[in-house]
1. Give me the pairs: first residue in region 117-136 and assigned to a loop (DSSP other than H, G, I, E, B), second residue crowded, with 17+ Cβ neighbours inside 10 Å and β-branched (V, I, T), beta-carbon distance under 6 Å, and six or more apart or on different chains, which are they?
2. Residue by residue through region 19-50, note down the ones that are closer than 25 Å to L109 by Cβ and either surrounded by 19 or more Cβ atoms within 10 Å (Cβ to Cβ) or touching an Asp or Glu at 6+ places or on another chain (Cβ under 6 Å) (or both).
3. Residue check: is V146 among the aliphatic types (A, V, I, L, M), open to solvent by less than 30 Å² (accessible area, probe 1.4 Å) and not in a helix (DSSP H, G or I)?
4. Regarding E53, is this residue more than 12 Å from the ligand (Cβ to nearest atom), on the phi < 0 side of the Ramachandran plot and assigned to a helix (DSSP H, G or I)?
5. Could you pull out the residue among V93, V36, V65, V32 that is more than 10 Å from the ligand (Cβ to nearest atom) and free of Cβ contacts under 8 Å to residues at least 40 places away in the same chain?
6. So in region 96-105, with the set limited to residues that are more than 17 Å from the chain's Cα centre (by Cα) and near the ligand (Cβ under 9 Å from one of its atoms), which one is least open to solvent (accessible area, probe 1.4 Å)?
7. Give the residue that is farthest from the ligand (Cβ to nearest atom), with candidates limited to residues of region 106-130 that are open to solvent by less than 100 Å² (accessible area, probe 1.4 Å) and over 15 Å from the mean Cα position of the chain (by Cα).
8. Would you pick out the residues in region 75-85 that are open to solvent by 30 Å² or more (accessible area, probe 1.4 Å) and either over 17 Å from I52 (Cβ atoms) or within 13 Å of the ligand (Cβ to nearest atom) (or both)?
Amino acid sequence: MGSIAVCPGSFDPVTLGHLDIITRGSKIFDKVIVSVLNNRSKNPLFSVEERIELLKETTNHLPNVEVDHFDGLLIDYVKKKQANAIIKGLRAVSDFEYELQMASINRKLDEEVETFFMMTNNHYSYLSSSIVKELAKYEASVNDLVPPAVEKALRNKNRM
Ligand code: PNS
């Protein structure tokens, strides 16, 4: 069996920071499954279907990247997909505590699944989906933060 990694997240919407991690991950693992959490407790701007569509459009040049969605515990999903790794990006020290907690819980739930962290490209260390949404809401330019398809989708949301 090849190495399969799950790259989980809300991706509301996918940013260039996410794509940097997905692209780098795809060079290391045989297959990367980018999976959107169907998180009912958050109030997302984009539906799960829209987020999946944007991810598919922006990763379709990466042949070993698949896009999917999940509900419930990440570790159960990882096992269901017969993956052996989770990949995450770390932007700053502020991400560390939460990610350490998540990685530790996931290891407690299944010792066979390893979490791998990649340091986000310095260009994107300040970038988050929330920042992008905030900028787009006030019609500030986000063209160097998200791929063109996402920029267009944000503009369309603003018109609604
Ligand atoms: O992009 P995000 O919102 O930072 O992604 C967070 C995500 C989806 C990776 C995280 O919330 C998650 O793994 N949720 C699934 C629930 C789970 O397994 N929690 C850990 C044990 S309590």
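1. L127/T15
2. Initially, region 19-50 is screened for residues closer than 25 Å to L109 by Cβ, giving 21-22, 25, 28-42, 48.
Those that are closer than 25 Å to L109 by Cβ and either surrounded by 19 or more Cβ atoms within 10 Å (Cβ to Cβ) or touching an Asp or Glu at 6+ places or on another chain (Cβ under 6 Å) (or both): I21, I22, G25, F29, V32, I33, V34, S35, V36, L37, N38.
3. On the way: among the aliphatic types (A, V, I, L, M): yes; open to solvent by less than 30 Å² (accessible area, probe 1.4 Å): yes; not in a helix (DSSP H, G or I): yes.
Here the answer is yes, as V146 does meet what is asked.
4. On the way: more than 12 Å from the ligand (Cβ to nearest atom): yes; on the phi < 0 side of the Ramachandran plot: yes; assigned to a helix (DSSP H, G or I): yes.
Taking the combined requirement at face value, the residue satisfies it.
5. Working: V36 fails: more than 10 Å from the ligand (Cβ to nearest atom); V65 fails: free of Cβ contacts under 8 Å to residues at least 40 places away in the same chain; V32 fails: free of Cβ contacts under 8 Å to residues at least 40 places away in the same chain.
Sole residue among the options that is more than 10 Å from the ligand (Cβ to nearest atom) and free of Cβ contacts under 8 Å to residues at least 40 places away in the same chain: V93.
6. Applying the filter and picking the extreme gives I105.
7. Taking region 106-130 as the starting set, the residues that turn out to be open to solvent by less than 100 Å² (accessible area, probe 1.4 Å) are 106, 109-110, 113-118, 120-121, 124-125, 127-130.
Now drop any that are not over 15 Å from the mean Cα position of the chain (by Cα), which leaves 106, 109-110, 113-114.
Working: N106: 6, L109: 7, D110: 11, V113: 11, E114: 15 Å.
Per the stated criteria, the residue is E114.
8. Taking region 75-85 and keeping what is open to solvent by 30 Å² or more (accessible area, probe 1.4 Å), we get 76, 79-82, 84.
D76, K79, K80, Q82, N84, listed by residue number.
The values are calculated or read from the model by the stated rules, or taken from the named source; none is laboratory data. Treat the numbers as computed from the prediction; the structure is a model and nothing was measured. Methodologically, a virtual Cβ is constructed for each residue, glycine included, from the backbone with ideal geometry; neighbour enumeration extends over all protein chains shown. For the accessible areas, the whole protein counts, side chains as well, though only heavy atoms, and no ligand, DNA or RNA atoms are used. Shrake-Rupley method; radii C 1.70, N 1.55, O 1.52, S 1.80 Å.
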